[in-house]
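Reading through the C-alpha cells given below for one structure.
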Amino acid sequence: MDMLERVFYSPAGQSIARRAGMPRSAPLRRGRAWPSGPIVLAPLGSSRVAHHALVGLGREFQAPVMDTPADSPPGYGSPVGAIVIDATQVSTVDALEDLRAVVRPALRSLEASGRVIILARAAERGWEAHAVARSLDGITRTIGKELLGGATANLVYLDRAAGASDVSSTLEFLLQGRSAFVDGQSWRVAASSTDPRRTDAPLQGKLVVVTGAARGIGASICRILARDGAALVAVDVAAAGQSLAAVANEVGGTTLHVDVTAADAGQRIASHVAQRGQRLYGIVHNAGIARDKLLVNTDAERWASVLRVNLVAQMHINEVLLDTDTVGGLEDGGRIVGISSTSGLAGNRGQSNYAASKAAVAGLVVAMAPDLAGRAITVNAVAPGFIETDMTARIPFMRREVFRRTNSLAQGGHPADVAETIGYLLDPASAGVTGQVIRVCGQNLVGA
C-alpha cells in the first residue's frame, strides 16, 4: 500500500470520502452459503415454477407482505434473506403493479447480501408482452442500483418450455453466495433434460481443462472446480511452470505446458486427456493477454497478438476438441466457457484490441450455441468487470479506486466470483443455459 492509499484509507481520508459522496462497500456473502433469513416467494399469478424449484432445492419459503396505499410500506418482522418473484405470467402493463406491490415492502427488510430474484418468461408474440418483458430488465437493473448492504437483484428469462428443473441450478446459484458479484444482470434458460437432483459436488468425476491456469483468475477457477468435484488439467505456458505446478498440486490435477496460440495446441490438449483415460467434459478458455495502447499508437503486431491469444486460439482449440474423430475431444453433453469482459461489451480507452477480442468471444458463444445444441453441448461466457488481481493492483491508485467503486456494490470483485459463475455454467444441471454472456461486475456502470 503506497502513501496515497494509506491516507485515503485512514479515518480522516474515509471521512473526506464520505462527505464527497463516494460509496462505501459492504462485506459480501460468498461461497455456497445460503441466506440466513427466510426466503419469500411471491407468485404473480397461478404459476408454480418457482415454487417447485425451491421445493426441489429443499428450501422453505414464506408468503410476501403486500404493499398498501399508505406512504410507508409494511415491513417484515425480521430481515428476509431473499425474495423470489415468479413473474412468468406477467405480460401486461397492469400486471407490473403486482410486481411493485410485492417488491417494495421487501426492500426495506432485506438482510445484508440479500437477494431479489425475478423469474419471467421470454416473450414470443404480442407488442405489449415484449414491451413488458423488456421492462422487467429495466426494473431489475434499477433495483440493483438502489439496494444496500451487498444485496443484489437479477432477472432470469425462461423459455416457454422451460420448467422448475431447468431453473433449479440457476436459482441455487443466485440465492447462494456464489453469485456475490453478479448484480443487475439478466440471462435466459431453455428447456433441457436436466437432472433436478442437486449436490455440492456437481462435477464429481468430470474432467475439465482450464487454460491460463497458473495464477489469478485461472488458479481460482481450478480451486472452485476442484471443490465442486472436477478433475483438472491446468494449462499454461512453460514459463509459468512453477506456479502452474503449485496450482495443480493444490487441486490434485495435472499440468500441461502449452502455448494456446501454437498450431498443435488443440491436439496436445486432446492427447493429454486421452492419456488420462478419461473423456473431456469441459474446457474453460481463460488464457488471455492485454497490450494496451490508444488505437492511434497500436501497430499491427500489438493488435494481432491480443486477437491471437484471446480469440483465435480458442477458436482453433474448439475446432479440434469438437471434432468427433478426435480422441480426447469434448464429449456430447459437455461444456465450453469463454472469458469476455465488460471492456469488450462497453469499450474502454486504450483497449481497442482487447475490446475487439472480448466482444468477439461474446459473439462467438452466441453463434456456436445453436450449432452444438444437437450434441447437448453448452457454450457460454462470463464477462468480468473490475476484479482484484495482481494485474489490477498495478493500476495507478486513483484510477483503480474509481474502477472499484463505479458499480452498484462499490467494490472490486474477487477471482473466486468469476470462478463461481463458471462453476455454475459447467454444472450438468445448467444444461438449459447456453449462448449466454453473464457479467460478473457488481453491476458496473458501463457496459449495460
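The values are calculated or read from the model by the stated rules, or taken from the named source; none is laboratory data. Only a predicted model underlies this, so the values are computations on that prediction, with no experimental measurement involved. Heads up, the Cβs are rebuilt from the backbone with ideal geometry, glycines too, and the neighbour counts pull from every protein chain shown. Surface accessibility is based on the protein's heavy atoms, side chains included, excluding ligands, DNA and RNA. Shrake-Rupley method; radii C 1.70, N 1.55, O 1.52, S 1.80 Å.
All of ALA42, ALA20, ALA26 fail the test of being farther than 19 Å from SER113 by Cβ and modelled with pLDDT of 55 or more, apart from ALA42. So, in segment 151-173, of the ones that are of a type in the set (Asp, Glu) and out of contact with any Ser or Thr (no Cβ under 7 Å at 6 or more places or on another chain), which residue ends up surrounded by the most Cβ atoms within 10 Å (Cβ to Cβ)? Among them, the one singled out is GLU172. Candidates in segment 76-93 are the residues that are among the hydroxyl-bearing types (Ser, Thr, Tyr) and more than 20 Å from ILE139 (Cα to Cα); of these, the one that is least open to solvent (accessible area, probe 1.4 Å) is TYR76.
Taking the criterion of being in a loop (DSSP other than H, G, I, E, B) and surrounded by 17 or more Cβ atoms within 10 Å (Cβ to Cβ), the residues of segment 48-66 that qualify are LEU57, ARG59, PRO64, VAL65.
The condition of being within 23 Å of PRO428 (Cα to Cα) and surrounded by 16 or more Cβ atoms within 10 Å (Cβ to Cβ) holds for LEU330.
Only one of ARG349, ARG399 is open to solvent by 10 Å² or more (accessible area, probe 1.4 Å), at pLDDT below 95 and in contact with a Leu (Cβ under 8 Å, 6 or more places away or on another chain); which? Explain how you work it out, then say what you get.
Values: ARG399 fails: in contact with a Leu (Cβ under 8 Å, 6 or more places away or on another chain).
Step by step, each of ARG349, ARG399 is checked, and only ARG349 is open to solvent by 10 Å² or more (accessible area, probe 1.4 Å), at pLDDT below 95 and in contact with a Leu (Cβ under 8 Å, 6 or more places away or on another chain).
Checking the stated criteria, ALA376 turns out not to satisfy the condition of being closer than 26 Å to ASN297 by Cβ and either of a type in the set (S, T, N, Q) or out of contact with any helix residue (DSSP H, G or I) (no Cβ under 7 Å at 6 or more places or on another chain) (or both).
With respect to ARG141, is the statement that it is within 21 Å of ALA383 (Cα to Cα) and touching a Ser or Thr at 6+ places or on another chain (Cβ under 6 Å) true? Working first, answer last.
Numbers: within 21 Å of ALA383 (Cα to Cα): yes; touching a Ser or Thr at 6+ places or on another chain (Cβ under 6 Å): no.
No, not satisfied.
Considering only residues that are open to solvent by 50 Å² or more (accessible area, probe 1.4 Å) and touching a strand residue (DSSP E or B) at 6+ places or on another chain (Cβ under 6 Å), look in segment 360-379 and name the one that is farthest from ALA429 (Cα to Cα). Break it down stepwise before answering.
In the first step, residues of segment 360-379 are kept if they are open to solvent by 50 Å² or more (accessible area, probe 1.4 Å); the result is 366-367, 370-371, 373-376.
Still in the running and touching a strand residue (DSSP E or B) at 6+ places or on another chain (Cβ under 6 Å): 375-376.
On the way: ARG375: 16, ALA376: 12 Å.
Filtering first and then ranking leaves ARG375.
Residues that are modelled with pLDDT under 95 and either among the basic types (Lys, Arg) or part of a strand (DSSP E or B) (or both) were ranked within segment 230-283; the one that is nearest to the chain's Cα centre (by Cα) is ARG279. Residues of segment 174-205 that are open to solvent by less than 40 Å² (accessible area, probe 1.4 Å) and not in a loop (DSSP other than H, G, I, E, B): LEU174, LEU175, GLY177, ARG178, SER179, SER186, TRP187, VAL189.
Applying a threshold of 8 Å to beta carbon distances and a minimum spacing of six or more residues, or different chains, the list of pairs starting in segment 284-299 at a residue that is without any contact (Cβ under 8 Å) to a residue 24 or more places away in the chain and ending at one that is assigned to a helix (DSSP H, G or I) and surrounded by 14 or more Cβ atoms within 10 Å (Cβ to Cβ) reads ILE289/SER305; ILE289/VAL306; ILE289/VAL309; ILE289/ASN310.
Residues that are assigned to a loop (DSSP other than H, G, I, E, B), in contact with a strand residue (DSSP E or B) (Cβ under 7 Å, 6 or more places away or on another chain) and not β-branched (Val, Ile, Thr) within segment 417-438 comprise ALA431, GLY432, GLY435, GLN436, listed in sequence order.
Of the residues making up segment 141-158, those that are assigned to a loop (DSSP other than H, G, I, E, B) and in contact (Cβ under 8 Å) with a residue 60 or more places away in the chain are LEU147, LEU148, GLY149, GLY150. Checking GLY81, GLY138 one by one, the residue that is closer than 17 Å to TRP187 by Cα and outside any loop (DSSP other than H, G, I, E, B) is GLY138 and no other. For segment 127-150, a residue qualifies if it is over 27 Å from GLY412 (Cβ atoms) and either touching a Phe, Trp or Tyr at 6+ places or on another chain (Cβ under 6 Å) or loosely packed, with under 14 Cβ neighbours inside 10 Å (or both), and the qualifying residues are TRP127, GLU128, ALA131, ARG134. Being surrounded by fewer than 15 Cβ atoms within 10 Å (Cβ to Cβ) and of a type in the set (D, E, K, R) is a property that holds for GLU124. Considering only residues in segment 302-332 that are hydrophobic (A, V, I, L, M, F, W, C) and not in a helix (DSSP H, G or I), the one that is farthest from the chain's Cα centre (by Cα) turns out to be VAL327. Give segment 234-262 a look and list any residue that's open to solvent by 60 Å² or more (accessible area, probe 1.4 Å) and more than 26 Å from VAL312 (Cα to Cα), or say none. Result: GLN242, ASN249, GLU250, GLY252.
Restricting the search to segment 284-301, which residues are within 23 Å of GLY216 (Cα to Cα) and either open to solvent by less than 50 Å² (accessible area, probe 1.4 Å) or among the acidic types (Asp, Glu) (or both)? Of everything in segment 284-301, those that are within 23 Å of GLY216 (Cα to Cα) and either open to solvent by less than 50 Å² (accessible area, probe 1.4 Å) or among the acidic types (Asp, Glu) (or both) turn out to be VAL284, HIS285, ASN286, ALA287, GLY288, ALA290, ASP292.
Please count how many residues of segment 28-44 are under 18 Å from ASP159 (Cα atoms) and open to solvent by less than 50 Å² (accessible area, probe 1.4 Å). Reasoning before the result, please.
Start the filter on segment 28-44 by keeping residues that are under 18 Å from ASP159 (Cα atoms), which leaves 43-44.
If we keep only those that are open to solvent by less than 50 Å² (accessible area, probe 1.4 Å) too, we end up with 44.
Residues flagged as under 18 Å from ASP159 (Cα atoms) and open to solvent by less than 50 Å² (accessible area, probe 1.4 Å) within segment 28-44 amount to 1.
Residues in segment 74-96 that are out of contact with any Asp or Glu (no Cβ under 8 Å at 6 or more places or on another chain) and either small (Gly, Ala, Ser) or modelled with pLDDT under 95 (or both): GLY75, TYR76, GLY77, SER78, ALA82, ALA87, ALA95.
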